[in-house]
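Encoded as structure tokens, the structure appears first; notes follow it.
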Amino acid sequence: MVGFLVLLNQLICKFKTSLHDILVEVFPAIASRIFNIIPQDAFPSEARSRTEEARELQELQKTMYTFLHVIATHDLSSVFLSPKSRVYLDLMMQLLLHTACNHKDILVRKACVQIFIKLIKDWCARPLGEEHVPGFQNFIIEVFAMNCCLYSVLDKSFEFHDANTLVLFGEIVQAQKVMYEKFGDDFLIHFVSKGFSSAQSPQDMAEQYCQKLQGSDVKALRSFYQSFIENLRQQQNGSLVFR
């Protein structure tokens, strides 16, 4: 299966949207076979003692996320919405979310965040627009934003001194910009009133965040948000567990 996915990735990169109809046919079979056997952490307890099996599962998992990333970033996200593929959409969202928040490989986490960013751009109209995928906007605002963009970076395991982690953080900040562009105050009000409140954010810092998010300087937003998260960590002194 790994070899087949690698071949598909190469074909998509070369032929792009020309492969749409083929992917519509093969994706449901791939999803039905892989999504239910891939553990979220790639190391199920029964495989821990069998190193080769664990390694193969890990390789399959990483290749699968690369496959989903290649589809999303080559304007083929409609493949996920075909009638036969929609039944796997919820499971795919849960796998992507868990991986974006928790995977030990930071580059895999980054790829999953990038997938979410592309899906938001593809599937969500501007504020007050018709919802293209019912329930997706609520999932992004209420689940993805809270867990990936706030709670996962508040966790002390999110190491700002690591270069790859900083790249991941940049994608997480970009996701917030995209959510604000697409959802407007629906995102901002929920993120601040629910998320920041649960993190016991000072009111003045929440207001500064809103100003930075609504501005056009992404670097300034990124710098502020990192300081904001680090300040919240110090304030909580590691006493709160968010997930």
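The values are calculated or read from the model by the stated rules, or taken from the named source; none is laboratory data. Note that the structure is a prediction, hence the values are computed from the model and not measured. Quick reminder, even Gly has a Cβ in these numbers, built from the backbone with ideal geometry, and neighbours come from all protein chains shown.
Yes or no, residue by residue, for (1) touching a helix residue (DSSP H, G or I) at 6+ places or on another chain (Cβ under 6 Å); (2) among the charged types (D, E, K, R); (3) assigned by TED's automatic domain parsing to the domain that holds residue 196:
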{"site": "135", "(1), (2), (3)": "no, no, yes"}
{"site": "142", "(1), (2), (3)": "no, yes, yes"}
{"site": "148", "(1), (2), (3)": "yes, no, yes"}
{"site": "156", "(1), (2), (3)": "no, yes, yes"}
{"site": "161", "(1), (2), (3)": "no, no, yes"}
{"site": "168", "(1), (2), (3)": "yes, no, yes"}
{"site": "171", "(1), (2), (3)": "yes, yes, yes"}
{"site": "174", "(1), (2), (3)": "no, no, yes"}
Taking interchain pairs and intrachain pairs at least six residues apart, which have beta carbon atoms under 9 angstrom, with the first residue in the stretch 60-73 and assigned by TED's automatic domain parsing to the domain that holds residue 100 and the second of a type in the set (Ser, Thr, Tyr) and buried (at least 20 other Cβ atoms within 10 Å of the Cβ)? 61/99; 65/99
Restricting attention to the stretch 15-71, which residues are modelled with pLDDT under 95 and aromatic (Phe, Trp, Tyr)? 35, 43
Does the stretch 91-113 contain any residue that is surrounded by fewer than 15 Cβ atoms within 10 Å (Cβ to Cβ), modelled with pLDDT of 95 or more, of a type in the set (Lys, Arg) and outside the structural domain of residue 195 (by TED's automatic domain parsing)? no
Within the stretch 101-125, work out how many residues are touching a Leu at 6+ places or on another chain (Cβ under 7 Å) and farther than 29 Å from residue 184 by Cβ. 1
Outside the structural domain of residue 112 (by TED's automatic domain parsing), surrounded by fewer than 17 Cβ atoms within 10 Å (Cβ to Cβ) and in contact (Cβ under 8 Å) with a residue 60 or more places away in the chain: is that true of residue 234 in this structure? no
Among the residues in the stretch 170-183, are any touching a Gly at 6+ places or on another chain (Cβ under 8 Å) and at pLDDT 95 or above? no
Identify all residues within the stretch 148-178 that are closer than 15 Å to residue 115 by Cβ and under 12 Å from the mean Cα position of the chain (by Cα); write none if there are none. 148, 149, 168, 171, 172, 174, 175
Being at negative phi, not in a loop (DSSP other than H, G, I, E, B) and not hydroxyl-bearing (Ser, Thr, Tyr) is the requirement here; does residue 121 meet it? yes
Scanning the stretch 48-99 for residues that are within 20 Å of residue 138 (Cα to Cα) and among the β-branched types (Val, Ile, Thr), the one nearest to the chain's Cα centre (by Cα) turns out to be 99
